[in-house]
Amino acid sequence: MRRLFRFAALLALTSSCTGAHMVPSPSAPSSAQNATVVLHTSKLLDGKGGTMSNADIVIADGKIQSVGPAGAVPSGAREVDLRGKTVLPGLIDVHAHVTWYFNRKGRYHTNGDGDTPIQSILAAAANAYATLMGGFTTIQSPGSPEDADLRDWIATQGLAGPRILTSLNPLQRGTPEQLRTLVQQRKEQGADFIKIFASASIRDGGKQSMTDEQLAAACGEARAQGLRTLVHAHSAESVRASVNAGCTQVEHGIFVTQAELDLMAQKNVYFDPQCSLVFHNYLDNRAKYDGIGNYNAEGFAAMERAIPLAAQDIRMALATKGLKILYGTDAVAGAHGRNGEDLICRVNSAGEAPMHAIVSATSLNAESLHLGNKIGAIAPGMEADIIATDGDPTADITAVRRVSFVMKGGKVFKN
């Protein structure tokens, strides 16, 4: 598998030389990677709800050194003119399945469909690259053991892609004691957090699938191990059980009521509802999924019914005082690179203020990942994860579709 990723890294690096800027290879001189860069901006969104006009961002050694009025450019610095664009922190998706892809037969890849490991990993590398080019510099991937190598090769070997946090395999069943052991094993295997299925899929009705005792054991052990818990829960009952078990983040919640939203706010549990991308992606690519597992007529009908419910849930969540609403798309095969679509849905269909949605996808998401002191904002000392859009997303949220500049960790990947 290590050899496969070296090949994937070479491929992605070759394709990432867009515009006038080259992405440094791991063997490039350190001076080439760490040279001071000055970004000239006319409008800047800081990721925490603030804006600045005509500011310069000075970057060195991959971190932001200063943000302020345009002044003298440091000697030898490289200048990038982003005036006329809107500059903001790299976006974060707290729920994306980057290893899901369509095989060369035009079908959703499953084990046993004939694809080789190298074909699968090349597809994952391509998905990671598309996600980064879409302006997402960090993603959280729940439920795939292949994520570990992808995460590490992006972090250390020059593969072009977003920063990845992974749960490795999710927890779906077992006695309370077995679940505690599985949590310990995931930590030993290098998981960044724990993914738990507390309910069935939306295609199967979303009923609670783990008992209250099982959830308490899994989330309690994760807390003892210093790990966050991300819980798949559609039904009101499964959401309540997850919150009462001390889990830290609830996904989906299609069938929540105001009572569950209030409970999440009261217990400081993050809520990550999806707006439309995942449902429309499945429906638009129905022929590529149809007949695989619960991707059948009943399942597709359930996803179609979920679309108006999802927007309604987000409207209710936005009106719930103190509730922290994250931004996660559940991007699967067919959706990678289009992770910004739910921002558009949340603004246009659920009535969220554009700046509120952007803060959700930047600094609030970073806080939920326990990375709020490193990413999610443009400020001195932060990682230089910075993007620019053609157009102002606070005035026209569809500008998130027009990402024309991407920097991650001080390296320019798109310009």
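The values are calculated or read from the model by the stated rules, or taken from the named source; none is laboratory data. Computed from a predicted model, the values in this text were never measured in an experiment. Because the Cβ atoms are built from the backbone with ideal geometry, glycine has one as well, and the counts that use them run over all protein chains shown. These accessible areas exclude ligands, DNA and RNA; they are computed on the full protein's heavy atoms, side chains included. Shrake-Rupley method; radii C 1.70, N 1.55, O 1.52, S 1.80 Å.
Can you give the relative contact order of segment 138-268 as a percent, counting alpha carbon pairs under 8 Å and 6+ residues apart? All intermediate terms of the calculation are to be shown ahead of the outcome.
Values: 256 pairs, mean separation 25.0, N = 131.
Answer for segment 138-268 is 19 percent.
Please list, in chain and number order, the residues 5+ apart from His252 or on another chain whose amide H is under 5 Å from its amide H, with Hs placed from the backbone.
Asp272, Gln274
To the nearest 20 debye, what charge dipole does the chain have about its Cα centre, counting +1 at the Cβ of each Lys and Arg and -1 at the Cβ of each Asp and Glu? Can you show the working numbers first?
On the way: 39 positive and 39 negative charges, 121 e Å.
About 580 debye.
Can you tell me the FRET efficiency between Asp290 and Gln258 if r is taken as the Cβ-Cβ distance and R0 is 35 Å, rounded to the nearest 0.05? The partial results should precede the final answer.
Details: r = 36 Å, r/R0 = 1.02.
Computed FRET efficiency for Asp290 and Gln258: 0.45.
What is the spin-label model distance, in nm, from Arg315 to Asp396 if the labels are put 7 Å beyond Cα along the C-beta direction?
If labels sit at Arg315 and Asp396, their model points lie 2.6 nm apart.
For a paramagnetic label modelled at 7 Å from the Cα of Arg173 toward its Cβ, which residues of segment 198-232 fall within the zone defined by backbone nitrogen distances under 12 Å?
Flagged as within label range: 210.
Find which of Thr257, Ala236, Tyr289 sits farthest along the positive direction of the dipole of segment 184-295, computed with +1 on the beta-carbon of Lys and Arg, -1 on that of Asp and Glu, about the Cα centre.
Tyr289
Using +1 at the Cβ of each Lys and Arg and -1 at the Cβ of each Asp and Glu in the chain, identify which of Ile307, Gly410, Thr248 lies farthest towards the dipole's positive end.
Positive-end residue among those listed: Gly410.
Put +1 on the Cβ of every Lys and Arg and -1 on every Asp and Glu Cβ in the chain; which of Leu179, Ile59, Val98 then has its Cα farthest towards the positive end of the dipole?
Ile59
If the reach is capped at under 30 angstrom between alpha carbons, list the lysines near Lys85, excluding any in the same chain fewer than eight residues apart.
Filter leaves Lys43, Lys48, Lys63, Lys324, Lys374, Lys408, Lys411, Lys414.
For segment 279-363, taking Cα atoms only, what is the radius of gyration to one decimal and the Dmax to the nearest whole Å?
Rg then Dmax for segment 279-363, in Å: 14.3, 42.
Stick to Cα atoms and the Kirkwood definition of Rh, then tell me Rg/Rh for segment 35-100.
Numbers: Rg = 14.1 Å, Rh = 13.1 Å.
Rounded to two decimals, Rg over Rh is 1.07.
Compute the FRET efficiency between Glu79 and Asn373 as 1/(1 + (r/R0)^6), taking r as their Cβ-Cβ distance and R0 = 22 Å, and round to the nearest 0.05.
Details: r = 28 Å, r/R0 = 1.27.
Efficiency for this residue pair is about 0.20.
Any idea of the accessible area per residue across segment 203-315, 1.4 Å probe, to the nearest Å²? Before the final figure, lay out each step's value.
On the way: 4360 Å² over 113 residues.
Accessible surface, normalised per residue, equals 39 Å².
Report D for segment 222-347 in µm² per second (integer): Stokes-Einstein, Kirkwood Rh on Cα pairs, 4 °C, 1.567 mPa s.
Details: Rh = 15.2 Å.
It comes out at roughly 85 µm²/s.
Using Cα pairs closer than 8 Å and at least 6 residues apart in sequence, work out the relative contact order for the chain, in percent. Intermediate results must be reported in sequence, preceding the final value.
Working: 951 pairs, mean separation 85.4, N = 415.
Across the chain, relative contact order equals 21 percent.
Once amide H atoms are placed 1.01 Å from N in the peptide plane, what residues at a sequence separation of 5 or more from Arg163, or on another chain, have their amide H within under 5 Å of its amide H?
Thr138, Ile139
Near the amide H of Lys43, under 5 Å away, which other amide H atoms are found, from residues 5 or more places off or on another chain, if H is placed in the peptide plane?
Result for Lys43 returns Asn54, Gly84, Lys85, Val87.
Any chance you could list P(r) for segment 229-301, counting all Cα-Cα pairs in 5 angstrom bins from zero, rounded to whole %?
Reading upward from the zero bin: 3, 16, 23, 17, 13, 12, 10, 4, 0.
At Thr156 and Asn111, where each label point lies 7 Å from the Cα along Cα→Cβ, what is the point-to-point distance in nanometres?
So the label points at Thr156 and Asn111 sit 2.6 nm apart.
How big is the antiparallel share of DSSP beta bridges in segment 261-415, given as a percent to the nearest 5?
On the way: 7 of 8 bridges.
Among the beta bridges of segment 261-415, antiparallel pairing accounts for roughly 90 percent.
Where the only charges are on Cβ atoms (+1 Lys, Arg; -1 Asp, Glu), what is the dipole of segment 144-271 about its Cα centre, to the nearest 20 debye?
Values: 13 positive and 15 negative charges, 22 e Å.
The calculation lands at about 100 debye.
Output wanted: per-residue J couplings in Hz (rounded whole) for segment 233-240, from phi through Karplus 6.51 cos²θ - 1.76 cosθ + 1.60, θ = phi - 60°, x for Gly and Pro.
8, 9, 6, 4, 5, 5, 5, 4
From the backbone phi of segment 73-80, what are the Karplus-calculated ³J(HN,Hα) couplings (6.51 cos²θ - 1.76 cosθ + 1.60, θ = phi - 60°) in whole Hz, Gly and Pro given as x?
Along segment 73-80, the couplings run 7, x, 4, x, 6, 8, 9, 10 Hz.
Would you kindly calculate the mean projected area, averaged across all directions, of the convex hull enclosing the Cα atoms of segment 63-138, in square nanometres?
Values: hull surface 33.9 nm².
Dividing the Cα hull surface by four gives the mean projection, 8.5 nm².
Which whole-Hz ³J(HN,Hα) couplings does segment 112-125 yield from phi under the Karplus relation 6.51 cos²θ - 1.76 cosθ + 1.60, θ = phi - 60°, glycine and proline marked x?
In residue order, the calculated couplings are x, 8, x, 6, 7, x, 5, 5, 5, 6, 5, 5, 5, 5 Hz.
If you average 1/r over every pair of different alpha-carbon atoms in the chain and take one over that average, what Kirkwood value in Å do you get?
Values: mean 1/r = 0.0460 Å⁻¹.
Over the chain, the inverse of the mean reciprocal pair distance is 21.7 Å.
Suppose we take every Cα in segment 296-337 and form the convex hull; what volume per residue is that in Å³? Let's see the in-between values first.
Working: hull volume 3.7 nm³, N = 42.
Spread over its residues, the Cα hull of segment 296-337 gives 88 Å³ apiece.
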